[in-house]
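Undergrad: I'd like to ask some things about the structure below.
The values are calculated or read from the model by the stated rules, or taken from the named source; none is laboratory data. Just so you know, these numbers come straight off a predicted model, no measurement behind them. Here the Cβ is made from the backbone with ideal geometry for all residues, glycine too, and neighbour counts use every protein chain on show. Areas reflect the complete protein model, heavy atoms only, side chains present, ligands, DNA and RNA absent. Shrake-Rupley method; radii C 1.70, N 1.55, O 1.52, S 1.80 Å.
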Amino acid sequence: MTQINRRNFIKKSALTASGVLVGSSLIAKGGPALQPSGEKGGAGPIVISTWKHGIEANEAAMQVLLNNGNALDAVETGVKVTEADPENMSVGLGGLPDREGNVTLDASIIDSQGNCGSVAFLEHIVHPISVARLVMEKTPHVMLVGQGALQFALDNGFEKKNLLTAKAKKKWEEWLINNKYEPVPNIENHDTIGLIAMDKNGDMAGACTTSGMGFKMRGRVGDSPIIGAGLFVDNEVGGATATGTGELVMKTVGSFLVVELMRNGYTPQAACKEAVNRIIKGNNNLSNSQVGYIALNKNGETGAYCLQPGFNYAVFKNNINQLFDSESY
Ligand code: ASP
């Protein structure tokens, strides 16, 4: 389908669905969540990603897939849009700093062969996802952190930048007045970006990138760069990624769990729900926490589930890029 036809198709479809158009994308209105889960998807290209910022990331990722790019290039290209957005205060440039005023980034990437790369506690680099990819492709390791990750990035031609925008600095200065460590779920409503893509051949890859919890302790690392926690892809089964309180996701190895449940016959939706249930079982007080999972299986079915209302996710499938409210506990 040519680009023009594709856009016409999106426009036409959008008029008949319960939603509003943003650019060439459909945003679901309030009311009952529109769940794409259960639909038989067939082969790709399909892209799914976390939060509203996923709409733009999906557009970029889908463009790669429509140009016969592979899933790995698509996921990297997609999340780079979010990383480069200075208005987004939870990913890459413009991310909220730690309690000492430093923006520190976590990211991970997995290809369809099961190769993985990640970086954590990385400072001064706008695109940690690309550094994670280089760790995967150029080193015998999976993960580099802190100063070592930065040195590796600089040695490979990445530029050192100040990631603390005036807007994020102001938020940090306001936070310093009370200096209370109280993460509020959904407060930015556009946290980590996790994105899973399936290309035309049905091969899958995933990427996950974040500045982590705002005003975290210096050195704190969340789930996003931890393979199996914030992100997991098994090209035989499917992929999953997480957002929200990273500690809860890490303790339950959430994304790996979602994929393993799908391997055992759960739909993506049921698998995400069960992974949230595991968190609920082990914790009495989750009122200040949010966890959201999204998943895509080999049949092209998608699903999502979260702890509390407020999490949404974007699915680009069958030529429509749509935002959905996730079902919640
Ligand atoms: N999961 C991320 C972390 O814990 C943050 C988020 O998605 O809100 O660092």
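Undergrad: Out of A120, A84, I need the residue that is modelled with pLDDT of 95 or more and crowded, with 24+ Cβ neighbours inside 10 Å. Which one? Before the answer, list the steps.
TA: Working: A84 fails: crowded, with 24+ Cβ neighbours inside 10 Å.
Result of the check over A120, A84: A120.
Undergrad: Filter the stretch 225-235 down to residues that are assigned to a loop (DSSP other than H, G, I, E, B) and closer than 23 Å to D199 by Cβ and give me whichever is nearest to the ligand (Cβ to nearest atom). Walk me through how you get there before you give the answer.
TA: Start the filter on the stretch 225-235 by keeping residues that are assigned to a loop (DSSP other than H, G, I, E, B), which leaves 225-226, 228-230, 235.
So of that shortlist, the ones also closer than 23 Å to D199 by Cβ come out as 228, 230, 235.
Values: G228: 14, G230: 6, N235: 24 Å.
Of everything passing the filter in the stretch 225-235, G230 is nearest to the ligand (Cβ to nearest atom).
Undergrad: Counting just the residues of the stretch 267-282 that are farther than 14 Å from T302 by Cα and hydrophobic (A, V, I, L, M, F, W, C), which one comes out most open to solvent (accessible area, probe 1.4 Å)? Step through it out loud before you land on a result.
TA: Step one: of the stretch 267-282, the residues farther than 14 Å from T302 by Cα are 274-282.
If we keep only those that are hydrophobic (A, V, I, L, M, F, W, C) as well, we get 275-276, 279-280.
Details: A275: 0, V276: 0, I279: 2, I280: 34 Å².
For the stretch 267-282, the residue satisfying everything is I280.
Undergrad: Filter the stretch 205-219 for residues that are open to solvent by 10 Å² or more (accessible area, probe 1.4 Å) and within 8 Å of the ligand (Cβ to nearest atom); which is nearest to V145 (Cα to Cα)? Break it down into steps so the answer makes sense when it comes.
TA: So in the stretch 205-219, the residues open to solvent by 10 Å² or more (accessible area, probe 1.4 Å) come out as 212-215, 217-219.
The next check asks that each one be within 8 Å of the ligand (Cβ to nearest atom); those that pass are 212-213.
Working: G212: 14, M213: 17 Å.
Going through the qualifying residues, I end up with G212.
Undergrad: Pairs needed: first member in the stretch 145-168, more than 12 Å from S130 (Cα to Cα); second member anywhere, assigned to a helix (DSSP H, G or I) and at pLDDT below 95; C-beta distance under 8 Å; at least 6 residues apart or different chains.
TA: Every condition considered, the pairs that remain are L164/W172.
Undergrad: Additional query: Could you tell me which residue of the stretch 236-266 is farthest from the ligand (Cβ to nearest atom), considering only residues that are part of a loop (DSSP other than H, G, I, E, B) and open to solvent by less than 30 Å² (accessible area, probe 1.4 Å)? Lay out the reasoning, then the answer.
TA: Start the filter on the stretch 236-266 by keeping residues that are part of a loop (DSSP other than H, G, I, E, B), which leaves 236-237, 245, 252-253, 264-266.
Checking the rest, the ones that are also open to solvent by less than 30 Å² (accessible area, probe 1.4 Å) come to 237, 245.
Details: V237: 23, T245: 6 Å.
Per the stated criteria, the residue is V237.
Undergrad: Now for a separate question. Among the residues of the stretch 299-321, are any modelled with pLDDT of 95 or more, surrounded by fewer than 23 Cβ atoms within 10 Å (Cβ to Cβ), at negative phi and not in a loop (DSSP other than H, G, I, E, B)?
TA: Within the stretch 299-321, one or more residues are modelled with pLDDT of 95 or more, surrounded by fewer than 23 Cβ atoms within 10 Å (Cβ to Cβ), at negative phi and not in a loop (DSSP other than H, G, I, E, B).
Undergrad: Listed residues H141, H127; which is over 17 Å from E83 (Cβ atoms) and modelled with pLDDT of 95 or more?
TA: On the way: H127 fails: over 17 Å from E83 (Cβ atoms).
Criteria check complete, one pass: H141.
Undergrad: Tell me the residue from K167, K160, K138, K180 that is farther than 24 Å from E59 by Cα, in contact with a Pro (Cβ under 8 Å, 6 or more places away or on another chain) and away from the ligand (no atom under 15 Å from the Cβ), please. Let's see the steps before the verdict.
TA: Details: K160 fails: in contact with a Pro (Cβ under 8 Å, 6 or more places away or on another chain); K138 fails: in contact with a Pro (Cβ under 8 Å, 6 or more places away or on another chain); K180 fails: in contact with a Pro (Cβ under 8 Å, 6 or more places away or on another chain).
Of the residues listed, the single one that is farther than 24 Å from E59 by Cα, in contact with a Pro (Cβ under 8 Å, 6 or more places away or on another chain) and away from the ligand (no atom under 15 Å from the Cβ) is K167.
Undergrad: Is there a residue in the stretch 48-57 that is more than 21 Å from M143 (Cα to Cα), without any contact (Cβ under 8 Å) to a residue 60 or more places away in the chain and not polar (S, T, N, Q)? Steps first, please.
TA: The initial filter retains those residues of the stretch 48-57 that are more than 21 Å from M143 (Cα to Cα), namely 48-57.
Remaining after also requiring without any contact (Cβ under 8 Å) to a residue 60 or more places away in the chain: 56.
If we keep only those that are not polar (S, T, N, Q) as well, we get 56.
Yes, the stretch 48-57 has at least one match.
Undergrad: Scan (1) modelled with pLDDT of 95 or more; (2) within 17 Å of the chain's Cα centre (by Cα) for the single condition T252 breaks and write down its number.
TA: (2)
Undergrad: Further question on the same structure: Conditions first: (1) open to solvent by less than 20 Å² (accessible area, probe 1.4 Å); (2) at positive phi; (3) modelled with pLDDT of 95 or more. I48 passes all but one, so which condition is the exception?
TA: (2)
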